[in-house]
Amino acid sequence: MIRSLEKADTDECDRIIASLGDWFGNEEGVRLASDAVRRQSGLVADDGMNVVGFATWVKHSEAAAEITWMAVHRQHRHVGYGSELIARLSHILRDEGVSFLSVKALGSESDDPWFAETRAFYEAHGFRLLLELPGLWGPGNPCLIMVRMLDPSHTSGELDLDAVDESDRGGAPGGGDRAGLDRAGKPIPHP
């Protein structure tokens, strides 16, 4: 189930961050992500017993929002939680009139395999390269900004299979062979 992030969820979000040392190996990044779940708008993926994933975001303007942090616990990856978080967030923002959703990731100049997977996940969910800023995060940490246009014509939550490319139907990194499907195997509404 995807629901709003609540104050009571923050310690579980910290546990998720701790499970992902390959992505959150930088102490400053861990601190910033922990702060974001306490101060920013957010959603969590809840498996009925625990929070297993989260996404936080900020709105930069009426037309643009940014995913600031997103993570799924290591033991719960590749079953659709990340896809569900993206779908729900896109629906919420589209309903608020937001047209563009962006995310920052470690850029392609880095040879980090974990962030290659992250970039592939976002690409599979409709994000495209906007620009790369090699110096923003310091030497060796190129910042890649990816953006996705939120189509206002898809507000009903219905999945338009003609508009979904094959990468959203399965096999996408970050979603395993179930990308585009929820845990029950049903299509996730494509924003």
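Each reported figure results from applying straightforward, stated rules to the coordinates on display, with no laboratory input. Since the structure is predicted, the reported quantities are computational estimates derived from the model, not experimental observations. Cβ sites come from the backbone with ideal geometry, for glycine too, and all protein chains shown count toward neighbours.
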Computed Kirkwood radius, in angstrom, where 1/r is averaged over Cα pairs of the stretch 64-113:
12.7
Which whole-number percent gives the relative contact order of the stretch 6-148, counting Cα pairs below 8 Å spaced six or more residues apart?
18
Going fewest to most other Cβ atoms within 10 Å around each Cβ, Ile67, Ile86, Ile17 line up as Ile17, Ile67, Ile86
